[in-house]
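Novice: Supplied in C-alpha cells, the structure appears directly below.
The values are calculated or read from the model by the stated rules, or taken from the named source; none is laboratory data. These numbers were taken from a predicted model, which means no experiment stands behind them. Note that each Cβ is placed from the backbone with ideal geometry, even for glycine, and that neighbours are counted across all protein chains shown.
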C-alpha cells in the first residue's frame, strides 16, 4: 500500500467514518479492502481470535471448544483437557495468535517453520508444534517481512465442515448505520468471494433507531442458504450477534466461516471483532485485552502525546498542523519524487509537551 492510501485511511479514522468495506455495488477491489483494513487497525481495537471466541461464548454463541496457552507445557495440558471433554479420538487444531490474516500460509522467521495453523492428533504433537510457534515471529502476507510475534496459541477441537458461510456486521458510512453482510460461500477471504461468487453476497441495511428485526434476520438467513430447523437456530444467532455488536461498541464483527458441521451443528468457527477506540471509557474490560506487542511501537508512543501518527515507508519526516494540510504535504512530496516516512498531525491545540514529543519521535526514527 502506498503512503497516500495509508494516510487517507487515517483521515477517515479522524472523521469517524467507520468500516466502508463495501461500495454501493457491494464489490471491492483488493486494494480498497487493504486500505480499509489499515484504517480499522488505526481507528479500532482488534483482539486475538481466542479472546473473540471467549466473548462470543459468554454471550451464548456456539463456537468451537478450545483453550489458549502461552507455554508448550500449558499447551500440552490444555490439549489433554480438551480431549477429555471432546473425546480422545477427536483431533485438535493449534493456531498461532497474532493480529493478522493469512496465518495458515505464513512462516516463522526464526526457524522457518511453515504455517501458523496445524492439525494435531494428540497432546504431544500440540506441545511439539507450540514450541516452534511460541515466542517466534510469524510472517504473513498482511504483516510484511517484519512479521508479528506469537505469544499465545489457541488449541481447539477439529470438526468436519459440511458447508461454510460468511457473516459480518459493520459500520457503513454511506448509510450512517449498521450493515449486515453475508454470503452463502465462506471460508476464503471476502475479496475472493466478491470476485468469484458476487451473486452469493447479500446486504441488509439496519436502521439504528429500530434495530434488526426477527423478520429481517430470518430473511437474511434464507438468502445465505439456511433452511428448516437450522433457519430458526441461525436467525436467533444473527439477532444475538447484532446485540453483541451494539453492546460492546463494535465497529466490525466478522464470522468466517459460519459453518455447518457433519454432525448438524452450526458454529462460529473463526471470529474477528474490532471495537471503537472512542468507547474505551465504557468498555474497559475489553480494552484491557489489548495486545500492545502487536502494534507499532512508534504509534503507541505517539498516542501518549495525543498525536495522530502513522508510520510510512519513506525517509522524509513530516510534522504538520492539521490533517488536511498533512495530506497535502504528502502529495507534494510524492509529486516531487520524495517519500514521506510518517504522517503526523499535531492538531490545532498542541501543547509544548506534545510538540516536544512529536520532535522526539521523529528524531528517533531511523528512517
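Novice: For residue 175, indicate whether it is over 20 Å from residue 53 (Cα atoms), modelled with pLDDT under 90 and assigned by TED's automatic domain parsing to the domain that holds residue 224.
Specialist: yes
Novice: Answer with yes or no whether residue 138 is crowded, with 21+ Cβ neighbours inside 10 Å and either out of contact with any strand residue (DSSP E or B) (no Cβ under 8 Å at 6 or more places or on another chain) or over 23 Å from residue 94 (Cα atoms) (or both).
Specialist: no
Novice: Can you tell me which residue among 81, 76 is modelled with pLDDT of 95 or more and loosely packed, with under 15 Cβ neighbours inside 10 Å?
Specialist: Only one candidate passes the filter, namely 81.
Novice: Could I ask something else about it? For region 43-134, give me every one of the strands (runs of 3 or more DSSP E) that falls completely inside it and has 1 or more residues that are under 30 Å from residue 309 (Cβ atoms) and touching a residue at least 12 places away in the same chain (Cβ under 8 Å).
Specialist: Fully inside region 43-134 and qualifying: 44-46, 92-96.
Novice: I'd like to know if region 144-151 contains one or more residues that are closer than 21 Å to residue 252 by Cβ and in contact (Cβ under 8 Å) with a residue 24 or more places away in the chain.
Specialist: Yes, some residue in region 144-151 is closer than 21 Å to residue 252 by Cβ and in contact (Cβ under 8 Å) with a residue 24 or more places away in the chain.
Novice: For region 248-317, please list each of the strands (runs of 3 or more DSSP E) lying entirely inside it that holds at least 1 residues being assigned by TED's automatic domain parsing to the domain that holds residue 331.
Specialist: Because the criterion is at least 1 residues that are assigned by TED's automatic domain parsing to the domain that holds residue 331, the strands (runs of 3 or more DSSP E) in region 248-317 that meet it are 308-311.
Novice: Please tell me if residue 188 is within 16 Å of the chain's Cα centre (by Cα), outside any helix (DSSP H, G or I), assigned by TED's automatic domain parsing to the domain that holds residue 282 and surrounded by fewer than 18 Cβ atoms within 10 Å (Cβ to Cβ).
Specialist: Yes.
Novice: Please find, among 272, 289, 360, 285, the residue that is exposed (fewer than 14 other Cβ atoms within 10 Å of the Cβ) and under 24 Å from the mean Cα position of the chain (by Cα).
Specialist: 285
Novice: Scan region 292-306 for residues that are modelled with pLDDT of 85 or more and either surrounded by 17 or more Cβ atoms within 10 Å (Cβ to Cβ) or at positive phi (or both) and jot them down.
Specialist: Within region 292-306, just 294 meets the criteria.
Novice: I would also like to ask the following. Of the conditions (1) closer than 25 Å to residue 50 by Cα; (2) part of a loop (DSSP other than H, G, I, E, B); (3) touching a helix residue (DSSP H, G or I) at 6+ places or on another chain (Cβ under 8 Å), residue 234 satisfies every one except a single condition; which number is it?
Specialist: (2)
Novice: Is there a residue being more than 25 Å from residue 143 (Cα to Cα) and touching a strand residue (DSSP E or B) at 6+ places or on another chain (Cβ under 7 Å) anywhere in region 283-305?
Specialist: yes
Novice: In the list 209, 218, which residue meets the criterion of being assigned to a loop (DSSP other than H, G, I, E, B) and either over 19 Å from residue 243 (Cβ atoms) or assigned by TED's automatic domain parsing to the domain that holds residue 271 (or both)?
Specialist: Going through 209, 218 in turn, just one is assigned to a loop (DSSP other than H, G, I, E, B) and either over 19 Å from residue 243 (Cβ atoms) or assigned by TED's automatic domain parsing to the domain that holds residue 271 (or both): 209.
Novice: Right, next: All but one of (1) surrounded by fewer than 19 Cβ atoms within 10 Å (Cβ to Cβ); (2) in a strand (DSSP E or B) hold for residue 165; state the number of the condition that does not hold.
Specialist: Tallying (1) surrounded by fewer than 19 Cβ atoms within 10 Å (Cβ to Cβ); (2) in a strand (DSSP E or B), residue 165 fails exactly one: (1).
Novice: Could you run through region 190-218 and say how many residues are in contact (Cβ under 8 Å) with a residue 40 or more places away in the chain and in contact with a helix residue (DSSP H, G or I) (Cβ under 8 Å, 6 or more places away or on another chain)?
Specialist: Residues flagged as in contact (Cβ under 8 Å) with a residue 40 or more places away in the chain and in contact with a helix residue (DSSP H, G or I) (Cβ under 8 Å, 6 or more places away or on another chain) within region 190-218 amount to 3.
Novice: A follow-up question, please. Restricted to region 323-363, and to residues that are closer than 18 Å to residue 313 by Cβ and part of a loop (DSSP other than H, G, I, E, B), which residue is modelled with the lowest pLDDT?
Specialist: Only one residue fits best here, namely 341.
Novice: On to the next question. May I ask you to verify whether residue 235 is over 28 Å from residue 105 (Cα atoms) and either within 23 Å of the chain's Cα centre (by Cα) or modelled with pLDDT of 90 or more (or both)?
Specialist: yes
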